[in-house]
Structure formats: C-alpha cells, structure tokens
4 protein chains.
Amino acid sequence: MTVSDDVRDRVTASFARQGLMRHLGARLTLVEPGRVHIELAARPEVTQQHGYIHAGATSAVADSAGGYAGLTLFPPDADVLTVEYKLNLLAPAKDRIEAVGTVLRSGRTLTVCRLEVYDADRRLVAAGQQTLIRIAAAPGEPA
Amino acid sequence: MTVSDDVRDRVTASFARQGLMRHLGARLTLVEPGRVHIELAARPEVTQQHGYIHAGATSAVADSAGGYAGLTLFPPDADVLTVEYKLNLLAPAKDRIEAVGTVLRSGRTLTVCRLEVYDADRRLVAAGQQTLIRIAAAPGEPA
Amino acid sequence: MTVSDDVRDRVTASFARQGLMRHLGARLTLVEPGRVHIELAARPEVTQQHGYIHAGATSAVADSAGGYAGLTLFPPDADVLTVEYKLNLLAPAKDRIEAVGTVLRSGRTLTVCRLEVYDADRRLVAAGQQTLIRIAAAPGEPA
Amino acid sequence: MTVSDDVRDRVTASFARQGLMRHLGARLTLVEPGRVHIELAARPEVTQQHGYIHAGATSAVADSAGGYAGLTLFPPDADVLTVEYKLNLLAPAKDRIEAVGTVLRSGRTLTVCRLEVYDADRRLVAAGQQTLIRIAAAPGEPA
C-alpha cells in the first residue's frame, strides 16, 4: 500500500524538522499507511560505553518510526505527540539498525504502535510498544 | 551520601566512553550511591519537529542516568546493560532537562530504577521505570 | 488532605461495582486527593504456581488503585479508563499486599500515576506506572 | 509445531497450581513451543465498574500466557518468574477473551514475550510485552 503524496510530504517535512534525527544521521526509508521505517548507521556519535549503539539512539529512531506511522493515518490538520513507550533491548547492535513502527490501533484520540528494531542481519535487537496522542497541528507550522 | 572514589571513577570513565552522551552534549552532574543525575541543554541538535527536546534525547539521558545509578551499587568487576524501560512524556521541555535515575531495588542479577526528568523550572517532564542487568565487565575494558 | 464526600462516594460506589475486586477480596483502604490504597489478603484463590500472590492479582489491585487515584481529581461527570500500565514485580509476596496509586500528572485528557505495591513488612514488592484517560461518565450510570 | 509430552505436562501442572487462574475461570487452550493461549469467559466476577472485563483480569491471563510460553522453551529443571510487563488496553471486552503469549527472544537468563489479547470477534483488545527470568525450579516442587 502507498500513502498519498500529501501524507508523504507531511511526514517527510516533519522528519526534516527533527534536529535530533539529523544530528544522529537517521534516514526515513519507508512511509506506508500505518507503517514507517527509519534507518540509523552506527557511528561513534551514537554509541554507549562498549561501542554498541546506545539504547537512547535506538529509542530515538524507534520512537520516531512509531510516531510517524501514527501520523500517516491522521487527518491533515492533526499532529502527533508521544504519550509513552516501552522498549526491550534484546541484543547489542553494531553496524546499522532499522526501526519499524507499525500501528496496532488508531483511535480518535490515542494510537498504539508496535516498535521493532532490526540490525543489518535482520535480527530483532529491540522490541516495544508506544502510545501516541493526536493533537491539533501547531498554528503557524506546516500541518 | 557519597560514593567511593573508585565508583565515581568507574561511572565517569564509562560515561566518557558513551559517544552518544558527548554527541548530545549531556553532562554527568551528580553521582551518589543508587542515584545519578545527567543534564542536557536544549540545542537544535536534540529537538523534535516542534522545537521541543525530542523524546529520544530525553530517553537517552534518562536511560543513562538509570544505568549509572545501578552501576554505583555494583561490585567493581561488573558492568550494566539496559534490559528495558518505559517512559511517559508528561510535558514538552524547551530549555534544559535534568534526568534523575534512582535505584528502587538492586538485586544480584536485576536492578530496577525509577526515571524522572525535570525541566529548568523543576517541573516533571518525563517519568518512567527501567530494568537493568548486571553483567561481567567486558574483558580488555576498564572495569 | 481529604477528599470531599462526593468524591469519596463516587470512588466507593465505583469500586463496589468492580466484580473482580470483590471476587479477589480486595478492600479500598484510603481515598485522598490523587492517592488511593487498596489492600489484598493472600488466599489460595489469588496465588500463582508457587503459592505467592499472582502477578495478575498484584496488577489488578495496582491498576485499580491508580485508576481511582486519578478519578479523585476528575470533575463529577467524568469517568476513568486505563490506557496502559507497566509493572515490575520486585519480590514475591505471601501474606497481604497494599497497592498505592499516586497521581504524578493530571491533565485534561490524560493522567499518569505511579503504582507501588507493598507487602505486610512494608517492603516494595511491585512498582510501575500507568496512563489513564478521562472519559464522559457512562449514561445511565451513577457519575 | 508441538511440544513434547513432558513440556505439556509441566505447563499443565503448573497452570493447575495457579489458584488465581482457577478462581477467575481461565482455561489453558493451546501449548506450542514458544506460544501459549489462555481463555477467560466474562462473568460478573471478572468485571470492572462498567461491566467490561477488568484490566486486572485481562492482565492476569496475558501474564500467565506469556510466562508459560517462555516455560515451554526452558529446560526441565527450570521455572519462570515475571520480571515486568506492559499492557495497553485497546478496547473493552464483554464476552470472552483469549490471551496469546509468544516468545520474541529466549535467552539463557531473560526471555521476552509479546502479549496479545483478543475478544470473541478476534478483535485485538489488549497488547503488550513482558520480560521473564528463568530460575531454578523450587526444591520439593515438581520441576
């Protein structure tokens, strides 16, 4: 399935405004209805003390993947905020990770997403779940 | 209460090896037995699409604060890994945040920490809970 | 601090309608603004396979304690639903537990509570966090 | 896939010792390697204040389903404890629920399970994730 150009533009524009994603070097690699992928290459800038990708970097891309997966199903005048999420770190990742956010349930107010993060060998390195809230798009900002 | 010089040195050295903490501009501001504070100043590099501190950056410092809080209570030959954590984002933060990790229960294998993040006005902006596992320090690394 | 008679009546009446609380033998022992205690005595009916109180029973009273803590701060025409919660089981409990729900943040739509469960020796046996949503009271039901 | 008779016997015997499962009227309906189903029929004894199945009852069967899913992959001399879990309640359930526990990762010490709960119409009514720890079977108890 594909998203409309409008939805793709909104997700892409919002992602581009996330200073953290740019600072980490994360890239948006897939935008489908209810599903978004974000990739992060390992660099010294994203590591923890043993040289693996830091749980915080893993979380950041997982959280964004889920948030944008939710946003693909929202009306044009709505925006998304993370209410909470939970993430299990299953295995250390060294090279490159891909975070997959998938909408489990999209409600009028709340959306729940599954979060999965894979390494370059398609091994599941983190798994979690996220609650999002739909808000009115901030005035003065692109919807 | 204060930690021994040895514990402080281990925490400080481990923190210094976390490329992500340096990349985000995070600073270790308190190390006590079972309690660690980490501060993060807002910069464009740590924002989400509305200019607030990204949930991923908030998580990164909260996760590290909890992990090091656990480490302060470990024997010298042990290291720490995050098993999982859950974080609620309670309010947007604009200026500066301080993550506080506090050990709730320190067991032989597992440690559970409370995670709290405050903004510059001492308002609670995120709250969560984390499970850590104690592992043998990686060979060839400083304990 | 004390709650108004009206709030106490609403919490007490709602608790009395929870068939599960009655079936488990749980008792409402404290209702304060933003804080509720529920007690559960150990009986064979609430155990897991080793004779300890089942995580599900612990969760049930923790979830209700948090939900009612949230409800104490709601307007009269509102009711509460659990969005999600996370609970760490810290130690087995044998005799009697007391669940403490405490509001960390009460918003217009969402409320976040801390969940703590103590055993008869005031040892923390479970700790967690919960997200609640405020809804309109169901028509035809007491507010 | 099927489990060995030995594994099935261990799961069935352990389930039978869970006083809470019996008290709630829960039934073990599927035991496969890394996957267990538990069914719960709605009765007044398992409801919350609006007559829906209580989040605590939903959690109890979800937690047990995950725990036993983990146990199916353990060696005979091991037993399982829940470290923590997180559950989102997605929709109210009225009639009958089926909890599905599925192992995402089975490690030497820790196991992580996905928790899903469906209603009679196969609608997802709750979803979550659980961390288990493998322990030595209690002495004097059937392994």
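The values are calculated or read from the model by the stated rules, or taken from the named source; none is laboratory data. Everything quoted here is computed from the prediction, not taken from an experiment. All Cβ positions, even for glycine, are placed from backbone atoms using ideal geometry, and neighbour counts span all protein chains on display. Quick note on the areas: whole protein, heavy atoms, side chains included, nothing else; ligands and nucleic acids left out. Shrake-Rupley method; radii C 1.70, N 1.55, O 1.52, S 1.80 Å.
Of the conditions (1) touching a strand residue (DSSP E or B) at 6+ places or on another chain (Cβ under 8 Å); (2) part of a helix (DSSP H, G or I); (3) open to solvent by 30 Å² or more (accessible area, probe 1.4 Å), B:Glu45 satisfies every one except a single condition; which number is it?
Answer for B:Glu45: the failing condition is (1).
Would you mention how many residues in region D:39-69 are more than 13 Å from chain C (Cβ to nearest Cβ) and not small (Gly, Ala, Ser)?
Qualifying residue count for the region: 1.
Residues of region B:89-126 being assigned to a strand (DSSP E or B), closer than 21 Å to C:Thr131 by Cβ and at the interface with another protein chain (Cβ under 7 Å from one of its Cβ atoms), which ones?
Of everything in region B:89-126, those that are assigned to a strand (DSSP E or B), closer than 21 Å to C:Thr131 by Cβ and at the interface with another protein chain (Cβ under 7 Å from one of its Cβ atoms) turn out to be B:Leu89, B:Leu104, B:Val112, B:Leu124.
Conditions: (1) surrounded by fewer than 24 Cβ atoms within 10 Å (Cβ to Cβ); (2) in a helix (DSSP H, G or I). A:His50 meets all but one. Number of the miss?
All conditions are met except number (2).
Looking at (1) open to solvent by less than 20 Å² (accessible area, probe 1.4 Å); (2) assigned to a loop (DSSP other than H, G, I, E, B), which is the one condition that is false for A:Met1?
(1)
With the structure loaded, tell me whether C:Val61 is touching a residue at least 40 places away in the same chain (Cβ under 8 Å) and part of a helix (DSSP H, G or I) or whether it fails that test. If you could, list the steps in order and put the result at the bottom.
Values: touching a residue at least 40 places away in the same chain (Cβ under 8 Å): yes; part of a helix (DSSP H, G or I): yes.
When the stated conditions are applied, C:Val61 passes them.
Just give me the residues in region C:6-38 being away from chain D (no Cβ under 14 Å), open to solvent by less than 50 Å² (accessible area, probe 1.4 Å) and assigned to a helix (DSSP H, G or I), in sequence order.
Of everything in region C:6-38, just one residue is away from chain D (no Cβ under 14 Å), open to solvent by less than 50 Å² (accessible area, probe 1.4 Å) and assigned to a helix (DSSP H, G or I), namely C:Val7.
Taking the conditions exactly as written (in contact with a Ser or Thr (Cβ under 6 Å, 6 or more places away or on another chain), part of a strand (DSSP E or B), under 25 Å from A:Glu84 (Cα atoms) and β-branched (Val, Ile, Thr)), does B:Val80 satisfy them or not?
Details: in contact with a Ser or Thr (Cβ under 6 Å, 6 or more places away or on another chain): no; part of a strand (DSSP E or B): yes; under 25 Å from A:Glu84 (Cα atoms): yes; β-branched (Val, Ile, Thr): yes.
In short, no.
Just to check your reading of the model, which residue among A:Ala137, A:Ala65, A:Ala55, A:Ala78 is within 21 Å of A:Gly19 (Cα to Cα) and in contact with a His (Cβ under 7 Å, 6 or more places away or on another chain)? Steps first, answer last, please.
Working: A:Ala137 fails: in contact with a His (Cβ under 7 Å, 6 or more places away or on another chain); A:Ala55 fails: in contact with a His (Cβ under 7 Å, 6 or more places away or on another chain); A:Ala78 fails: in contact with a His (Cβ under 7 Å, 6 or more places away or on another chain).
Answer to the check: A:Ala65.
At pLDDT 95 or above, assigned to a loop (DSSP other than H, G, I, E, B) and either open to solvent by 10 Å² or more (accessible area, probe 1.4 Å) or of a type in the set (Val, Ile, Thr) (or both), is that true of B:Leu73? Before the answer, list the steps.
Numbers: at pLDDT 95 or above: yes; assigned to a loop (DSSP other than H, G, I, E, B): yes; either open to solvent by 10 Å² or more (accessible area, probe 1.4 Å) or of a type in the set (Val, Ile, Thr) (or both): yes.
It is true that B:Leu73 is at pLDDT 95 or above, assigned to a loop (DSSP other than H, G, I, E, B) and either open to solvent by 10 Å² or more (accessible area, probe 1.4 Å) or of a type in the set (Val, Ile, Thr) (or both).
Limited to region C:112-126, what total is found for residues that are closer than 17 Å to C:Tyr52 by Cβ and either under 10 Å from the mean Cα position of the chain (by Cα) or touching a residue at least 12 places away in the same chain (Cβ under 8 Å) (or both)?
Of the residues in region C:112-126, the ones closer than 17 Å to C:Tyr52 by Cβ are C:117-121, C:123-126.
Then drop every residue that is not either under 10 Å from the mean Cα position of the chain (by Cα) or touching a residue at least 12 places away in the same chain (Cβ under 8 Å) (or both), which leaves C:117-120, C:123-126.
Going through region C:112-126 one residue at a time, the tally reaches 8.
Considering (1) outside any helix (DSSP H, G or I); (2) within 13 Å of the chain's Cα centre (by Cα); (3) surrounded by 24 or more Cβ atoms within 10 Å (Cβ to Cβ); (4) of a type in the set (D, E, K, R), say which one A:Lys86 fails and leave the rest.
Of the numbered conditions (1) outside any helix (DSSP H, G or I); (2) within 13 Å of the chain's Cα centre (by Cα); (3) surrounded by 24 or more Cβ atoms within 10 Å (Cβ to Cβ); (4) of a type in the set (D, E, K, R), the odd one out for A:Lys86 is (2).
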